[in-house]
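Contents: one structure, followed by commentary.
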Amino acid sequence: MAFKVWKGIIGGCLVLFQLSPLFGQSRDENDDAFHQYIQEFFFTEAVYAQEKRELQFTFSNYYQQQNEIQLLMEYGFTDRLQMEVELSNVTNRNQAGFTGELGFLYNAWNSPGTSFSIASGVGIEREDEDESGEGTEASWEAKAVFAKQLGPVQTHTDLSLEIPGDETQWAFNTALLVPFGRVKGIFEVNSRQEGQKNWQITPGMVFSTWKRSEIALGLPVALSGGNDVGFVVRLTIEFEGEAD
């Protein structure tokens with residue numbers, strides 16, 4: 001019980017700490033942008049939006065109780081607004097499934113010390129189960145993303161609400177990002193409410209390769225439901241947009 005209370009206190013403090021600069025600071029006070037260290041986290045939503053006409057492809061393999069192959073495509077309509085298309089194939093011992101999502105992210109606040117984005121999307125999930133046959137389910141998700149610069153270090157936090165069918169699911173993710181030249185260290189805390197709360201931590205590294213492309217390796221460790229350890233391998237390739 002005490003452990004749950006402390007998790008709630010820490011999570012609430014993180015959110016309030018990052019929200020505080022949004023009150024009393026004008027967006028027009030500084031035209032400089034929030035510094036972008038990486039393209040993507042493992043589970044936490046990054047506050048960064050694609051720049052105008054930029055196209056990005058991210059290929060990921062998640063393995064933890066089940067194997068998920070994911071393709072994420074992002075395109076910048078403006079420097080603040082991007083479109084996202086995500087396709088995932090999930091398999092485990094008893095079933096296989098396919099998920100497709102279409103969403104948009106808008107970077108509403110962008111200053112050197114603080115950034116804030118909102119995102120929304122719709123998805124469809126199809127499962128092929130051995131015993132119960134096939135099932136298709138649609139969902140809708142809304143998300144808020146906050147980020148703060150603390151010297152060379154950044155924190156990113158997202159809060160999301162997902163409504164698949166008649167259920168309501170909440171998710172909370174926060175990530176600490178520490179740069180070491182071309183290598184970036186990441187430590188994420190991830191939580192999802194699906195009937196019961198599921199917590200995990202995800203340490204990892206991101207390696208900047210050529211131009212704006214990167215390779216990332218992560219180790220998600222479940223703190224509830226068996227303490228399972230998995231891995232994430234990710235490749236991101238970005239194509240710069242043409243100047244106006």
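The values are calculated or read from the model by the stated rules, or taken from the named source; none is laboratory data. All values reported here derive from a predicted model rather than from experimental measurement. FYI the Cβ positions are ideal-geometry reconstructions off the backbone, even for glycines, and counts take in every protein chain you see.
Apart from one condition, VAL229 fits all of (1) buried (at least 16 other Cβ atoms within 10 Å of the Cβ); (2) modelled with pLDDT of 90 or more; (3) more than 19 Å from ALA49 (Cβ to Cβ); the exception is (1).
Comparison of GLN56, GLN82 shows that the only residue that is without any contact (Cβ under 8 Å) to a residue 60 or more places away in the chain, buried (at least 17 other Cβ atoms within 10 Å of the Cβ) and within 29 Å of ASN110 (Cβ to Cβ) is GLN82.
The strands (runs of 3 or more DSSP E) falling completely within segment 178-223 that include 1 or more residues that are polar (S, T, N, Q) and touching a strand residue (DSSP E or B) at 6+ places or on another chain (Cβ under 9 Å) map to 183-194, 196-208.
For segment 178-192, taking the residues that are surrounded by fewer than 15 Cβ atoms within 10 Å (Cβ to Cβ) and over 19 Å from TYR48 (Cα atoms), the one that is modelled with the lowest pLDDT is identified as GLY181. When segment 79-105 is filtered for residues that are closer than 30 Å to LYS148 by Cα and in contact with a Lys or Arg (Cβ under 6 Å, 6 or more places away or on another chain), only ASP79 remains.
Considering each of VAL153, VAL178, VAL122, VAL183 in turn, give the residue that is without any contact (Cβ under 8 Å) to a residue 24 or more places away in the chain and either closer than 20 Å to PHE42 by Cα or of a type in the set (Val, Ile, Thr) (or both).
When all the criteria are applied, what remains is VAL122.
Considering the conditions (1) part of a strand (DSSP E or B); (2) under 15 Å from the mean Cα position of the chain (by Cα); (3) in contact (Cβ under 8 Å) with a residue 24 or more places away in the chain; (4) within 21 Å of SER160 (Cβ to Cβ), ALA49 is excluded by exactly one of them, (1). Taking the criterion of being under 18 Å from GLY218 (Cα atoms) and acidic (Asp, Glu), the only residue of segment 151-204 that qualifies is GLU188.
Considering only segment 52-123, give the strands (runs of 3 or more DSSP E) lying wholly within it that have at least 3 residues that are among the aliphatic types (A, V, I, L, M) and under 25 Å from SER208 (Cα atoms). First the steps, then the outcome.
Numbers: elements: 55-63, 67-76, 81-91, 95-110.
Once the strands (runs of 3 or more DSSP E) in segment 52-123 are filtered for at least 3 residues that are among the aliphatic types (A, V, I, L, M) and under 25 Å from SER208 (Cα atoms), what remains is 67-76, 81-91.
Filtering segment 110-145 to residues that are at pLDDT below 95 and of a type in the set (Phe, Trp, Tyr) leaves only TRP140.
Could you list, in sequence order, all residues of segment 59-79 that are acidic (Asp, Glu) and surrounded by 17 or more Cβ atoms within 10 Å (Cβ to Cβ)? Passing the criteria: GLU68, GLU74.
When GLU141, GLU214, GLU137 are checked against the criterion of being surrounded by 13 or more Cβ atoms within 10 Å (Cβ to Cβ), without any contact (Cβ under 8 Å) to a residue 60 or more places away in the chain, acidic (Asp, Glu) and within 26 Å of ASN107 (Cα to Cα), GLU141 stands alone in meeting it. Of everything in segment 193-211 that is modelled with pLDDT of 90 or more and surrounded by fewer than 17 Cβ atoms within 10 Å (Cβ to Cβ), the residue that is farthest from TRP170 (Cα to Cα) is PHE207.
Scan segment 146-177 residue by residue and report those that are of a type in the set (Val, Ile, Thr) and either modelled with pLDDT under 95 or out of contact with any Phe, Trp or Tyr (no Cβ under 6 Å at 6 or more places or on another chain) (or both). Hits for segment 146-177 are VAL153, THR155, ILE163, THR168, THR174.
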